[in-house]
Amino acid sequence: MSKLTTMGDAVERFVPRASSVVMGAALESLIPFAAGHELIRRQVRDLTLIGPISDILFDQLIGAGCVRKVVAAWVGNVSAGLGHNYRRACEQGIPQRLEVIDHSNFTISLALLAGGLGAPYLPTYSLLGTDIPKTNPTFRRSRSPFGGEKILLVPPLQPDVAILHVQRSDEDGNAHAWGNLGISEEAALASRRVIIVAEEIVPRSVIVSDPNRVLAPSFKVCAVVCEPYGAHPSPAQGYYNRDHEYYHDYHRWTQTAEGNAEWIGAWVAGVKDRAAYLEKLGRDRRQALRLKEHRYAAPVDYGY
Amino acid sequence: MDFSPQEIMVAAAAREIRDGEIVFTGMRLPLIAFALAKQTHAPRAIGLFECGLVRDTPAPELLYTMGDPPNIAGALWATRMINIMGLLQQGAVDLGFIGGAELDRFGNLNTSYLGSPESPQTKLPGSGGAADIAGLSRRLVVIMPHERRRLVERVDYITSPGFGSGRGWRERVGLRGGGPGAIITTLCVFGFDASKGEAVLRSYHPGQSVASVRAETGWDLRVGKDVRKTDPPTAEELAIIRRLDPEGFWTR
């Protein structure tokens, strides 16, 4: 069954106001910026954002006033520094107050893994002695019933929707992703629904030729969007490199709330969709991000 | 020979990596330190990256983030983050690197909130993987800029645990990893007094002195008996660092 649709339709139908949404599950790569920008254009409000680090995507959604709560290990700008919008929201309530539930990268992984396993919680030795449990009231301190050691219990997260950018998918949402996966699999399995955003749509035969590379079962997927360069400025292995300069421009531009409004006007509100965004980005800039060389994997034999 | 503070930090960080060790590489300067160590004294070191990567060769290009495509090309393993964190928790990681915004004399780091969490003066980005690396690595090395406002008596918030309030604290709270072994700053290198869990000045970088380090340190500085000048980067090390970061994005 084809679930292929437009970004606007996918967001409209499956990410209503006050949804909890996982994005940036692969960490610094394959970040679904195109989906995030559509949420901003549609002014979807009161979102709970869930993710490990998200690079600047969470900062953008916060600055656009779409976010009520953040459940994350880190929010900022990986290669440039702090996230100015995140700071303004937490320090001054601009554009609005934000509830922050702190995690580490390990505990956010465990929370989504527990969600995907249908487990009541998962235990860890991490974060003992830290102040993070003080700003994440969902954790419980306990002792192992086996050895008596001190442990931290991490409860499950089951988000409403995971938005995952991948290299390729079929129309049904059987998706191939490669490179570091971060918490992409955990996010897909834990969430009630999955939106797949793909660099390209391929026939089912391509996907089933290599089932080990499939991210999650397609019965979790509610929509498939074909959006080439949809992860820009983050990289997509085998498709394009990271646009480092874009992150640094964003960092400079968003230092003030006024600058942020200008940035949103220029790069999100002022472009009607991803195609218009890419036109604004320009051919030369896309050219500069092209692969320098191909590095194909050797084929594997699934024969029997 | 002329070099930047970041270049001597990278060289000092690389020297913390022993050959054959499994290293949790972190971000920014440690990414270059790992590549430098691989090309000099630690060719058998293995790098773990929390985004889900394992490498036994340095990436072919400068990395702005650990998820940059050159870090995936030629990786030994591209996997899920939880597998990397699992290796960390089982005690497989010999050495972890992290950075920090605020540090105290027990090696505790704050990258979360300056001021109270309810109404912070400054909201910092948070832990990322740093709290996990600090809690669970067998040995930890911290890399950060040295300023009096950053090196404080007690951090406002412990994001990444050092020795807490001193000796025995890690055992009491149940932490598995060994805690900090060194702090590398723009001015100096601290080691740790194992009997107290406290930072002790081990060496000051060329151009610095015990007095200049003390002036920029917000706690009562303890100076090691055999304190000396930090070895500057060798010509070979500098050449490698500049080849790795030709435009000096991280190191100038």
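Nothing in this text is a laboratory measurement; each read-out follows from the coordinates by a stated rule. Being a predicted model, the structure only gives us computed values, none of them experimental. Here the Cβ is made from the backbone with ideal geometry for all residues, glycine too, and neighbour counts use every protein chain on show.
Taking 12 Å as the cut-off, no amide N atom of the range A:25-39 comes nearer than this to a point 7 Å along the Cα-to-beta-carbon line of A:D273. Which FRET efficiency value, to the nearest 0.05, do you get for A:R283 and A:Q43 by plugging their Cβ-Cβ distance into 1/(1 + (r/R0)^6) with R0 = 25 Å? In this case the efficiency is close to 0.25. Counted residue by residue at 0.36 nm each, then reduced by the alpha carbon distance between them, the extension gain from B:S4 to B:R18 reaches 2.6 nm.
Charge dipole (Cα centre; +1 on Lys/Arg Cβ, -1 on Asp/Glu Cβ; no other charges) of chain B amounts to roughly 520 debye. Take every Cα pair under 8 Å whose residues are at least 6 apart in sequence, average their separation, divide by the length of the range B:5-244, and the relative contact order is 18 percent. Using a/c under 1.5 as the rounded threshold, could you call the protein assembly as shown rounded, prolate or oblate? The axes a ≥ b ≥ c are square roots of the C-alpha gyration tensor eigenvalues, and prolate needs a/b larger than b/c, oblate otherwise. Prolate shape, in that a/c is at least 1.5 and a/b is the bigger ratio.
Build a GNM of chain A with springs between Cα atoms under 10 Å: which of A:T130, A:T254, A:T48 gets the top mean-square fluctuation? In this elastic network of chain A, the residue with the biggest mean-square fluctuation among A:T130, A:T254, A:T48 is A:T130. A simple spin-label model places the labels of A:E293 and B:Q90 3.4 nm from each other, with each point 7 Å out along Cα-to-Cβ. Dividing the summed helix terms, -39500 (n - 2.57) for each DSSP H run of n ≥ 4, by the number of residues in the protein assembly as shown produces a 222 nm estimate of -7500 deg cm²/dmol to the nearest 500. With Cα atoms defining each centre, the range B:22-72 and the range A:1-80 are spaced 29 Å apart in the structure. What you get for the protein assembly as shown, charging only the Cβ of Lys and Arg (+1) and of Asp and Glu (-1), is a dipole of about 980 debye around the Cα centre. Couplings 3J(HN,Hα) for the range A:93-101, derived from phi with the Karplus relation 6.51 cos²θ - 1.76 cosθ + 1.60 (θ = phi - 60°), are x, 10, x, 7, 4, 10, 8, 10, 10 Hz, where x marks Gly and Pro. Determine the shape class of the range B:5-244: with a ≥ b ≥ c the square roots of the Cα gyration tensor eigenvalues, call it rounded for a/c under 1.5, and otherwise prolate if a/b is greater than b/c, oblate otherwise. Because a/c hits 1.5 or more and a/b fails to exceed b/c, the range B:5-244 counts as oblate.
Placing unit charges on each Cβ (+1 for Lys and Arg, -1 for Asp and Glu) gives chain A a dipole about its Cα centre, and among A:V44, A:V194, A:C222 the Cα reaching farthest toward its positive end belongs to A:V44.
Note on B:K229 and A:R13: with the Förster distance fixed at 51 Å, the Cβ-Cβ geometry gives a FRET efficiency of about 0.20. Whole-Hz Karplus values for the range B:66-72 come out as 5, x, 5, x, x, 7, 8 Hz, taken residue by residue from phi with 6.51 cos²θ - 1.76 cosθ + 1.60 and θ = phi - 60°; glycine and proline positions read x.
A Gaussian network model of chain B, with springs between Cα atoms under 10 Å, assigns the largest mean-square fluctuation among B:A75, B:A182, B:A11 to B:A75.
A cut-off of 5 Å between modelled amide H atoms, ignoring neighbours fewer than 5 places along the same chain, links A:V100 with A:V70.
3J(HN,Hα) couplings calculated from phi for the range B:171-181 with the Karplus curve 6.51 cos²θ - 1.76 cosθ + 1.60 (θ = phi - 60°) are, in sequence order, 4, 4, 7, x, 6, 8, x, x, x, x, x Hz; Gly and Pro show x. Using the Cα gyration tensor of chain A, with a ≥ b ≥ c the square roots of its eigenvalues, what is the shape: rounded (a/c below 1.5), prolate (a/b larger than b/c) or oblate (neither)? It is oblate, given that a/c is not under 1.5 and a/b is not larger than b/c. Across the range B:164-240, the mean sequence separation of Cα contacts (distance under 8 Å, 6 or more residues apart), normalised by length, yields a relative contact order of 23 percent. When only C-alpha pairs under 8 Å and at least 6 residues apart count, what is the relative contact order of chain A, in percent? Reported as a whole number, the value is 19 percent. Cross-link partners of A:K150 among lysines, defined as those whose alpha carbon lies under 26 angstrom from its own and excluding same-chain residues fewer than eight positions apart: A:K134, B:K196.
If only the Cβ of Lys and Arg carry +1 and only the Cβ of Asp and Glu carry -1, the dipole of the range A:90-219 around its Cα centre is close to 580 debye. Residue separation of A:S205 and A:S2 scaled by 0.36 nm, minus their Cα-Cα distance, works out to 71.6 nm of gained length.
Summary of the geometry: the range A:210-256 and the range B:166-191, compared by the centres of their Cα atoms, lie 37 Å apart.
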